[in-house]
Amino acid sequence: MLKLGIIGQPRSGKTTIYNAVAAANADVNAYLAPDEIRHTVVKVPDERLDRLFDLFQPPKRVPAEVEYVDFPAMTGDANEVASFPPALRELDALIMVLRHFGDHPDPVDEARKLCDELILADLAVLEKRMERLSKEIASGRTENQIEYDALVRCREALESETPIRSLEFTPTERKAVTGYGFVSGMPILAVINAPDEGSDLDADAWAEKLALGPKSAVRVVRGKLEGELSALSPEDQQVFMDDLGLTESALHGMITASYQLLGLITFFTGASEKEVHAWAVEDGSKAPQAAGTIHTDFERGFIRAEVVPVNELIRLGSMADARKAGIAQLEGKEYVVRDGDYILFRFNV
Ligand SMILES: Nc1nc2c(ncn2[C@@H]2O[C@H](COP(=O)(O)OP(=O)(O)O)[C@@H](O)[C@H]2O)c(=O)[nH]1
Ligand SMILES: [Mg+2]
């Protein structure tokens, strides 16, 4: 499951954004202790899944899921971040909330401070580990040399204020450093938390100003307003969204942006009698890998996939009709999965 962590300075609106996406109604006034986190799993809204469900009418509909974690505030003390709960090291991406409401704060300056803090936090982790490793290597455990060398590269980058997410790694290096969960190595979705009236600049303009480099994206959100909206009934939500000219919910927008940032696409399965199911997979994944997200045995035992674009399946009304129309294709191991594929896997386990 995709795990996204919400970070930012005190009172930047982290919990407000968390509530807006999770409709969790956590108490925004309560401060979190450094070792305390809130988290929630949300179901990814996808109208293609809903339509598939209407078509097959199986007992169950299983959306893809995303976990959101609301972290304590970053206070400028990198040692504190370095000792954040281990959940921080297990994230797929960071949602960096930047305050742009109230007393005219500067999101660019705030982002710079937060990024510096991430870099310092990684340095603290890295130095401790390197010290241990060098002792081990000196005592003859030379197999640790590769890891050590990869960390030397990371340290060089960090010392010149370059986040680890800007580095290109060889597969061996990547393997050596992945376990650390370096926070400056995580993709960043920067969220400009704008006042109710919105922001003068759009996401592209902010992206240019923030200049966060590779593996980053920007969204402008009116946190408080969108949070209030997410607490309403779906009907009321729609009325207010129309009034405000909002085309999507905070959750929908955040998930779309996160999927784009992480290069994720969605495919669907549903042995039609039991359930329909949406899955997230990396763009560029081949059919066996996609099968592997369902179950690792399915990857190993993959034989073939029968694929129909879900919109075609819905238009035609059934697999049988899709086959008749020649739209259902049998694909092999080299098939690259596309967003919106409905897939029947054949495997041998
Ligand atoms: N006007 C306005 N106030 C906000 C917005 N986001 C958060 N706030 C307020 O700022 C305060 C801190 O928000 P909170 O989400 O608790 O920040 P956190 O400390 O980063 O978790 C609360 O009183 C919120 O109601 C916003 O977009 N606009
Ligand atoms: Mg909070």
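Scanning region 85-111 for residues that are more than 14 Å from A194 (Cβ to Cβ) and among the small types (G, A, S), which turns out farthest from the chain's Cα centre (by Cα)? Among them, the one singled out is A111. The residue of region 38-59 that is most open to solvent (accessible area, probe 1.4 Å), among those that are within 16 Å of ligand 1 (Cβ to nearest atom) and out of contact with any Phe, Trp or Tyr (no Cβ under 6 Å at 6 or more places or on another chain), is H39. For region 60-80, a residue qualifies if it is surrounded by 15 or more Cβ atoms within 10 Å (Cβ to Cβ), within 16 Å of ligand 1 (Cβ to nearest atom) and not hydroxyl-bearing (S, T, Y), and the qualifying residues are V69, D70, F71, P72, A73, M74, E80.
Every residue, every condition in (1) closer than 30 Å to A33 by Cα; (2) open to solvent by 50 Å² or more (accessible area, probe 1.4 Å); (3) not in a helix (DSSP H, G or I), yes or no:
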site	(1), (2), (3)
G102	yes, yes, yes
E110	yes, no, no
D116	yes, yes, no
V125	yes, no, no
N144	no, no, no
L158	yes, no, no
R165	yes, no, no
T172	no, yes, no
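Within region 125-147, identify whether any single residue is touching a helix residue (DSSP H, G or I) at 6+ places or on another chain (Cβ under 7 Å), without any contact (Cβ under 8 Å) to a residue 12 or more places away in the chain and under 24 Å from D77 (Cα atoms), and answer yes or no. No, region 125-147 has no match at all. From the set of residues in region 180-211 that are in a loop (DSSP other than H, G, I, E, B) and within 17 Å of the chain's Cα centre (by Cα), which is nearest to ligand 1 (Cβ to nearest atom)? The residue in question is M186.
When E312 is evaluated against the numbered criteria (1) in a helix (DSSP H, G or I); (2) more than 25 Å from K60 (Cα to Cα); (3) acidic (D, E), which criterion, by number, is the only one it fails? Going through the list (1) in a helix (DSSP H, G or I); (2) more than 25 Å from K60 (Cα to Cα); (3) acidic (D, E), E312 breaks only (2). Can you find a residue in region 290-306 that is part of a strand (DSSP E or B), in contact (Cβ under 8 Å) with a residue 12 or more places away in the chain and crowded, with 19+ Cβ neighbours inside 10 Å? Looking for residues that are part of a strand (DSSP E or B), in contact (Cβ under 8 Å) with a residue 12 or more places away in the chain and crowded, with 19+ Cβ neighbours inside 10 Å, one finds at least one in region 290-306, hence yes. Find all pairs meeting these conditions: Cβ atoms under 7 angstrom apart; at least six residues apart or on different chains; first residue within region 46-64 and in contact (Cβ under 8 Å) with a residue 60 or more places away in the chain; second residue open to solvent by less than 60 Å² (accessible area, probe 1.4 Å) and assigned to a helix (DSSP H, G or I). Taking only residues 6 or more apart or on different chains, the pairs are R48/V310; R51/I314; L52/V310; L52/I314; L55/I314; R61/L49; R61/F53; P63/L49.
This table checks each residue for (1) under 27 Å from T16 (Cα atoms); (2) in the same structural domain as E208 (by TED's automatic domain parsing); (3) open to solvent by 60 Å² or more (accessible area, probe 1.4 Å).
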| position | (1), (2), (3) |
| --- | --- |
| R219 | yes, yes, no |
| K224 | yes, yes, yes |
| E228 | yes, yes, yes |
| A231 | yes, yes, yes |
| E235 | yes, yes, yes |
| D242 | yes, yes, yes |
| S249 | yes, yes, no |
| A278 | no, no, no |
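The values are calculated or read from the model by the stated rules, or taken from the named source; none is laboratory data. As the structure is a computational prediction, the values presented were derived from the model and not from experiment. With ideal geometry, Cβ positions are generated from the backbone for all residues, glycine too; neighbour counts draw on all protein chains shown. Side chains are part of the model used for accessible areas, which takes the heavy atoms of the whole protein and leaves out ligands, DNA and RNA. Shrake-Rupley method; radii C 1.70, N 1.55, O 1.52, S 1.80 Å.
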